[in-house]
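Novice: Right, I'll just put the structure down here and ask away after.
Read-outs: derived from the displayed coordinates by stated rules, not from any lab. Computed from a predicted model, the values in this text were never measured in an experiment. Note that each Cβ is placed from the backbone with ideal geometry, even for glycine, and that neighbours are counted across all protein chains shown.
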Amino acid sequence: MSASANTVPINLLDLDRKGLQAFFAGLGEKPFRATQVMKWIYQEGVVDFEQMTNLSKSLRVYLQEHCVIRTPQIVVEQLATDGTCKWAMQTHCGNRVETVFIPEERRATLCVSSQVGCALACSFCSTAQQGFNRNLSTAEIIGQLFLAQQRLGSERRITNVVMMGMGEPLLNFDNVVAAMNLMMDDFAYGLSKRRVTVSTSGVVPAMNRLNEVCDVSMAVSLHAPFDELRDQLVPINQKYPLGELMDACRAYAQNGPRKHITFEYVMLHGVNDSLQHAKALIKLLKTVPSKVNLIPFNPFPQSQYRCSSMNDILAFRDLLHNAGIVTTVRKTRGEDIDAACGQLVGQVQDKSRRHLKLPVAKAESHVL
Ligand code: SAH
């Protein structure tokens, strides 16, 4: 796990299979060293090079001297009454991001963060209020899955990953793609592309780029069917308005075996939840293979919105459903530990100009 003091060690968790193959090629080693090391790390949980017994002694010594396998550190673990578990993970620079495990009957989902804070300022999201510090490295992203799986043990396997934690994944493109490659790699976690979902607020150029390099499922945080309203709720809409966003969605859904885009729609009382909004949404989605996921708004301190009533949410859902759009209402999980959508705050030393700070999550927790 160590490297000599006076060189900057390479963190092997920063490299996906291609990256590792290039690294080993540079050492004059065969490409299969990459998959051997991946199996040790991600499938066996071995992080001590000395224990990687199918590598030659000299290679092990080299790795020991020049490389590390370093994840963030779990510093707080909170367990909700519904079984949801939230971890605060501390990075080497002292910031904290949050990762949430959501067990269900047929699947077990990990919600992973991609950035320390978020630069996008969506008005209904508490992560946004924190400001932005930096992108997470590939190691810090895949490290969340590594640590969560380690804490859960081999009987509780994580079956799905959603990039729906803190941050805008497509603004940390390269590191997120490398981490998702590892999630789907048979020599690492081997999750199918249907079980790895990237969620974006609509960074159109990056969606188009993703279409070229990676084949994961796509969720888009839509939240409004009109530009005027979306400009306020999801300000990146001012740069990439709905027309362009829908073009990117159509292109993404058409490429390869992907069948649909999931549209997330937070239900805000009196803001975006009327039947007019539902009708406009139906019209907007007419030419995109879509599923809609309605998210009851999760409040946080100083939030200016209220959640729509369940009656309004169900009426909205029924209208979409009757128009032939598969529509689900997201079950709020981990409410008692502030682990629900939009409630992740971690601990962010804000480098942006937003200074409004929110308190760190309350609830039963223990420091590890
Ligand atoms: N930045 C990415 C990833 C975040 S995913 C994105 O925007 O898609 C988290 C999801 O929860 C997004 O759809 C986000 O818009 C939604 N969300 C944010 N704040 C929320 C809140 N307070 N209540 C419910 N959903 C919220």
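Novice: Every cysteine in the chain with no other Cys Cβ under 4.7 Å from its Cβ, please list them in numeric order.
Specialist: When partners are defined as cysteine Cβ atoms under 4.7 Å apart, the chain leaves C67, C85, C93, C111, C118, C214, C249, C307, C341 without one.
Novice: For I10, which sequence-distant residues (separation of 5 or more, or a different chain) have an amide H within less than 5 Å of its own amide H, given hydrogens modelled in the peptide plane?
Specialist: Distant-sequence amide H within range of I10: C67, V68.
Novice: Work out from phi, with θ = phi - 60° and the Karplus expression 6.51 cos²θ - 1.76 cosθ + 1.60, the ³J(HN,Hα) of each residue of segment 198-207, listed in order in whole Hz, and give x for Gly and Pro.
Specialist: Here the 3J(HN,Hα) series is 9, 10, 10, 7, x, 7, 4, x, 6, 5 Hz.
Novice: Applying the Karplus parametrisation 6.51 cos²θ - 1.76 cosθ + 1.60 with θ = phi - 60° to the phi angles of segment 107-121, what ³J(HN,Hα) value in whole Hz is obtained for each residue in order, glycine and proline being reported as x?
Specialist: Each residue's phi maps through the Karplus curve to give 8, 9, 10, 10, 9, 10, 8, 10, 9, 7, x, 7, 9, 8, 6 Hz.
Novice: Next up: Calculate, axis by axis, the spread of Cα positions in segment 10-68 along the three principal axes, and write the results as whole Å, longest axis first.
Specialist: Computed over segment 10-68, the largest-to-smallest principal extents equal 23, 22, 19 Å.
Novice: Sticking with this structure for a sec: I need the calculated FRET efficiency for the pair V75 and N311, taking r as the beta carbon distance and R₀ as 51 Å, to the nearest 0.05.
Specialist: Details: r = 41 Å, r/R0 = 0.81.
That gives a FRET efficiency of 0.80.
Novice: Taking a 28 Å limit on the Cα-Cα distance, which of the listed pairs K18/K331; K279/K331; K193/K291; K18/K86; K86/K283 fall beyond it?
Specialist: With Cα atoms farther than 28 Å apart: K18/K331; K18/K86; K86/K283.
Novice: D48 label point, 7 Å along Cα→Cβ, cut-off 15 Å on backbone N: hits in segment 63-80?
Specialist: 64, 69
Novice: Which order do the peptides 332-345, 130-143 come out in when sorted by mean C-beta neighbours inside 10 angstrom, highest first? Provide the component values of the computation, followed by the final result.
Specialist: Numbers: 332-345: 22.7, 130-143: 24.7.
For the peptides 332-345, 130-143, the packing ranking is 130-143, 332-345.
Novice: Still on this model: Given the convex hull over the Cα atoms of segment 141-217, what projected area results after averaging over all orientations, in nm²?
Specialist: Numbers: hull surface 19.9 nm².
That works out to 5.0 nm².
Novice: Near the amide H of S274, under 5 Å away, which other amide H atoms are found, from residues 5 or more places off or on another chain, if H is placed in the peptide plane?
Specialist: HN-HN under 5 Å from S274: empty list.
Novice: Okay, moving on. For the chain, what is the mean residue ellipticity at 222 nm derived from helices alone (per DSSP H run of n ≥ 4: -39500 (n - 2.57); sum divided by total residues; nearest 500 deg cm²/dmol)?
Specialist: After summing the helix terms and dividing by the residues of the chain, the value is -9000 deg cm²/dmol.
Novice: I would also like to ask the following. HN-Hα J couplings of segment 323-335 from phi, Karplus 6.51/-1.76/1.60, θ = phi - 60°, integer Hz, Gly and Pro as x?
Specialist: Once rounded to whole Hz, the list reads 8, x, 9, 5, 10, 10, 9, 5, 6, 6, 10, x, 4.
Novice: Further question: When the Cα centres of segment 28-72 and segment 108-171 are compared, how far apart do they sit, in Å?
Specialist: When both Cα centres are located, 26 Å separates them.
Novice: Would you grab the residues whose amide H sits under 5 Å from the one on T327? Only those 5+ places off in sequence or on another chain, please, with H modelled 1.01 Å from N.
Specialist: Excluding prolines and chain starts, which carry no amide H, the hits are V292.
Novice: Next question. Treating cross-link reach as a plain straight distance, find the aspartates and glutamates whose alpha-carbon is under 17 Å from the alpha-carbon of K30, omitting any fewer than eight places away in the same chain.
Specialist: Cross-link targets: D16.
Novice: Dipole of the chain, Cα-centred, from +1 at each Lys and Arg C-beta and -1 at each Asp and Glu C-beta, to the nearest 20 debye?
Specialist: Dipole size: approximately 440 debye.
Novice: Calculate the all-directions average of the projected area of the chain's alpha-carbon convex hull, and give it in nm².
Specialist: Working: hull surface 74.8 nm².
One quarter of the hull surface, i.e. the mean projection, equals 18.7 nm².
Novice: Along its three principal axes, how long is segment 113-158 when you only count alpha carbons? Whole Å, largest extent first please.
Specialist: Reported extents, whole Å, longest axis first: 39, 22, 11.
Novice: Related question: What translational diffusion coefficient, in µm²/s and rounded to a whole number, does the Stokes-Einstein relation yield for segment 201-294 at 4 °C and a viscosity of 1.567 mPa s, taking the hydrodynamic radius as the Kirkwood radius over Cα pairs?
Specialist: Taking Rh from Cα pairs, D becomes 97 µm²/s.
Novice: May I pose another question? Packing-wise, with mean Cβ within 10 Å as the measure, how do 162-171, 14-23, 56-65 rank, highest first?
Specialist: Result, highest mean first: 162-171, 14-23, 56-65.
Novice: Using label points projected 7 Å from each Cα along Cα→Cβ, tell me how many nm separate A121 and D231, to one decimal.
Specialist: Taking the simple label geometry, A121 and D231 are separated by 1.4 nm.
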